[in-house]
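Asker: A single structure is presented below for examination.
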Amino acid sequence: MTFYILMNHITNLFVSLGLLTTLSFDSEVTSYLYGGSKEDLFIKVTNNHKTIAIKPMSEGINSNLLVITKNRKYYFDVKYNKNKPHQFIEVKQGQINHGMKKVISKKSFDLLEGTSSVMVINKKRKRLSVNKKKIKKKGHFSKGVPIFIEGKRVLN
C-alpha cells in the first residue's frame, strides 16, 4: 500500500498485536519521536535507514509519531485496530491533483481520487468533518491513507 502524504497532513496509522508494520520512505530517516511511552511500541529504523518497523506491545495504543527524513517531516496518529491494521506502507510525497475520478458518491459528499491526492466535495449546507478537518465546500487530502467522514472510515 502506498500513502501519498500531503505536506503538513496528519495520517492515521493503524497497528495490531502480532503484526509488524513497516513505513518505507523515499529518503533516509534522520530521527523520529513517539508521543507515547517506550513500552507501547517497538520502533526500529532498519539498516537501510529508509524504513521504520513498528510493532505494538499492547492494545489500546493511541498516540502520535513524528518521522523526520532528509527531505520532509511526516505526522502520524498511531492507533490500535485489530480489524484493519496497516502492514507494508510505502510513504511518498503527495501533491494536489487536478484531474480526478469520482470513486464514492453519497448523499452528503463525493470523493474523487487523483494520482497522489483525493478531494472531498461537501454536498451539505453545514461543514463536513473529514479526517478531523471541517470543510465547507471541498478539501484535498492525502491518497492511500484512511479517510474518515463524520467519524466513519469510508476509504482505506
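The values are calculated or read from the model by the stated rules, or taken from the named source; none is laboratory data. Remember, it's a predicted structure, so these values are computed and weren't measured experimentally. Every residue, glycine as well, gets a Cβ built from its backbone with ideal geometry; the counts of neighbours run over all protein chains shown. Areas reflect the complete protein model, heavy atoms only, side chains present, ligands, DNA and RNA absent. Shrake-Rupley method; radii C 1.70, N 1.55, O 1.52, S 1.80 Å.
Asker: Considering each of Ser105, Ser142 in turn, give the residue that is farther than 30 Å from Phe42 by Cα and not charged (D, E, K, R). Step through it out loud before you land on a result.
Answerer: On the way: Ser142 fails: farther than 30 Å from Phe42 by Cα.
Residue meeting the stated conditions: Ser105.
Asker: Across the range 65-115, what is the number of residues that are in a loop (DSSP other than H, G, I, E, B) and under 17 Å from Thr22 (Cβ atoms)?
Answerer: Selection size over the range 65-115: 5.
Asker: For the range 117-134, does any single residue satisfy the condition of being open to solvent by 100 Å² or more (accessible area, probe 1.4 Å), modelled with pLDDT under 95, over 30 Å from Leu20 (Cβ atoms) and part of a loop (DSSP other than H, G, I, E, B)?
Answerer: Yes, the range 117-134 contains a residue that is open to solvent by 100 Å² or more (accessible area, probe 1.4 Å), modelled with pLDDT under 95, over 30 Å from Leu20 (Cβ atoms) and part of a loop (DSSP other than H, G, I, E, B).
Asker: Looking at Thr11, Thr21, can you tell me which residue is open to solvent by less than 70 Å² (accessible area, probe 1.4 Å), within 30 Å of Lys123 (Cβ to Cβ) and not hydrophobic (A, V, I, L, M, F, W, C)?
Answerer: Going through Thr11, Thr21 in turn, just one is open to solvent by less than 70 Å² (accessible area, probe 1.4 Å), within 30 Å of Lys123 (Cβ to Cβ) and not hydrophobic (A, V, I, L, M, F, W, C): Thr11.
Asker: Can I ask one more? Regarding the range 5-14, can at least one residue be identified that is at pLDDT 95 or above and more than 18 Å from the chain's Cα centre (by Cα)?
Answerer: Among the residues of the range 5-14, not one is at pLDDT 95 or above and more than 18 Å from the chain's Cα centre (by Cα), which makes the answer no.
Asker: Please determine, by comparing only the residues of the range 24-43 that are more than 10 Å from Lys55 (Cβ to Cβ) and of a type in the set (A, V, I, L, M), which one is least open to solvent (accessible area, probe 1.4 Å). Spell out how you get there, then give the answer.
Answerer: Restricting attention to the range 24-43, the residues satisfying the condition of being more than 10 Å from Lys55 (Cβ to Cβ) are 24-40.
Right, trim to of a type in the set (A, V, I, L, M) and you get 29, 33.
Details: Val29: 11, Leu33: 111 Å².
The selected residue is Val29.
Asker: Look at Lys70 and say whether it is touching a residue at least 40 places away in the same chain (Cβ under 8 Å) and open to solvent by 80 Å² or more (accessible area, probe 1.4 Å).
Answerer: yes
Asker: Looking only at the range 44-54, decide whether some residue is closer than 15 Å to Leu17 by Cβ and open to solvent by 20 Å² or more (accessible area, probe 1.4 Å).
Answerer: So far as the range 44-54 goes, no, none of its residues is closer than 15 Å to Leu17 by Cβ and open to solvent by 20 Å² or more (accessible area, probe 1.4 Å).
Asker: Would you please list the contacts, defined by Cβ atoms under 8 Å and residues six or more apart or on different chains, that run from a residue in the range 74-103 that is free of Cβ contacts under 8 Å to residues at least 40 places away in the same chain to a residue that is β-branched (Val, Ile, Thr) and part of a strand (DSSP E or B)?
Answerer: Within 8 Å, the pairs are Met100/Val118.
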